[in-house]
Structure formats: C-alpha cells, structure tokens
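The values are calculated or read from the model by the stated rules, or taken from the named source; none is laboratory data. Worth saying up front: this structure is predicted, and the values here are computed from it rather than measured. Reconstructed Cβ throughout: ideal geometry from the backbone, glycine too, with neighbour counts over all protein chains shown.
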Amino acid sequence: MLLTVIHRVRKPWLSTDTIAVLEEKAKAKIQNTVECKRLQGVFIDRAKHDREVFLNNLCDELETDIGHNRLGPAFKAIMLLSGKRKEVTGTTIHKSDGSPCISEEETLERWHEHFISALNHHPGVPSNELTMKQHQPQ
C-alpha cells in the first residue's frame, strides 16, 4: 500500500494554534458533525484574528521600511497587501509549420532557424546613386 503525503498550501497569516483547530476539525468531520460545525466557527474566528494581526504587523514593517528608505521590502509588502502576484507565463514558440515546439531542443532549433533566415540575406541590388554619393568628397 502506498501512502501519499498531501502538502497543503498554508496561508502565511494562520498561526499554529489555528492550524491545530483545522486539524481537529478534520478529525471531527469523520466522527461528529456537531463538533465539526463548532470547530468550523472557532477556525473562522481565529483565522480572521490571525489575518488582522498579520496585516497590522505587515503595515508596521512597511512604515518602518519606508522610514528607513528600504524600498525593496516595502515594495514586496505593498504587492502582498494589494494581492497582485507576478505570474510568469512562457510564450509558446511555434515551428515554421505553425505547430508548437514541445521540447527545449525544438525551441532552440526554431530560434536557430529564425536567426539564420533573419540575418542571412543576399546582398541588395547595387544602386548607382549610392555609389556616386559614396565617392563624392564631403
């Protein structure tokens, strides 16, 4: 029998006591629904309190960082408070036939093809006007 470990994403503001209530609630869910509902209410109250404490501490740190001209940590705190996250999304590279490149090797080969075609051109048609201007004294 294989046992799998489930890693839950933890909110940074939840305290260990609140996590313990959540684990108790999970156990009570199996045995007693009344106890589960009570623990759900306890969890919600504690989570709200923990979040408020977390945000107040974050705002205090933000004010301190700005007061000491430490803009890097201040910017990170502002991004955390605003809820904006950087989403790194890759751009899909397509082959010359239009199908997407699946492997890194295909992507590198496609970039190689692109630069070979973009940078290797036949010389342009000779122009008498350009040649004459090139030879005129300035």
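Somewhere in segment 47-56, is a residue in the same structural domain as L22 (by TED's automatic domain parsing), modelled with pLDDT of 85 or more and over 28 Å from A26 (Cβ atoms)? Among the residues of segment 47-56, at least one is in the same structural domain as L22 (by TED's automatic domain parsing), modelled with pLDDT of 85 or more and over 28 Å from A26 (Cβ atoms), which makes the answer yes. Within segment 28-38, which residues are surrounded by 15 or more Cβ atoms within 10 Å (Cβ to Cβ) and out of contact with any Leu (no Cβ under 8 Å at 6 or more places or on another chain)? Correct list: C36 only.
When R70, R38 are screened for being more than 25 Å from the chain's Cα centre (by Cα) and either modelled with pLDDT of 90 or more or not aliphatic (A, V, I, L, M) (or both), only R38 passes. The criterion of at least 3 residues that are among the aliphatic types (A, V, I, L, M) and surrounded by fewer than 13 Cβ atoms within 10 Å (Cβ to Cβ) is met, among helices (runs of 4 or more DSSP H) falling completely within segment 39-138, by 71-82, 104-119. Can you pull out the residues in segment 57-77 that are under 30 Å from K25 (Cβ atoms) and of a type in the set (A, V, I, L, M)? Within segment 57-77, L58 is the sole residue that qualifies.
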